[in-house]
Amino acid sequence: MKNQKKPPKCPLCSGTLEKGKTTFTVDFGSGVVVIRNVSATICSQCGMEWIDDDVSGKVEKIVKDAKNKHSVVEVLSLSA
Ligand SMILES: [Zn+2]
């Protein structure tokens, strides 16, 4: 069996997925975290975004941090 790599397709609209950057906002109830320059896979057709696994770990940590600090609004930037 050959394991051929197909270009990724959007599960919603079958549009082409492209690597890009997005701004990710997390509302954790008592505050909001805005994270810029988050690498994500973005559908060129419907604009749906999926953030990468390694990034979602970072995002979780940032949100946890903001909660601990009782931040109301936290804006930061991730570099790739
Ligand atoms: Zn799509």
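The values are calculated or read from the model by the stated rules, or taken from the named source; none is laboratory data. This is a predicted model, so every value here is computed, not measured. As a convention, Cβ positions derive from the backbone with ideal geometry for all residues, glycine included, and neighbour counts pool all protein chains shown. With ligands, DNA and RNA removed, areas are computed over all heavy atoms of the protein, side chains included. Shrake-Rupley method; radii C 1.70, N 1.55, O 1.52, S 1.80 Å.
Heavy atoms of the protein chains alone define the surface here; on that basis segment 17-77 has 64 Å² accessible area per residue at 1.4 Å probe size. Across segment 26-57, the residues whose backbone nitrogen lies under 16 Å from the label position 7 Å along the beta-carbon direction of C13 are 41-50. Just the protein heavy atoms count here, and of the accessible area of the chain at 1.4 Å, carbon and sulfur take up 51 percent. Give the relative contact order (percent, whole number) for segment 17-77; include only Cα pairs under 8 Å separated by 6+ residues. Relative contact order here is 38 percent. Cross-link partners of K67 among aspartates and glutamates, defined as those whose alpha carbon lies under 16 angstrom from its own and excluding same-chain residues fewer than eight positions apart: D27.
Hey, what's the Kirkwood Rh for segment 17-77 if you take every pair of different alpha carbons, in angstrom? Numbers along the way, then the final one.
On the way: mean 1/r = 0.0833 Å⁻¹.
Roughly 12.0 Å, rounded to one decimal.
Rounded to the nearest 500, the helix-only mean residue ellipticity at 222 nm of the chain stands at -6500 deg cm²/dmol, with each DSSP H run of n ≥ 4 adding -39,500 (n - 2.57).
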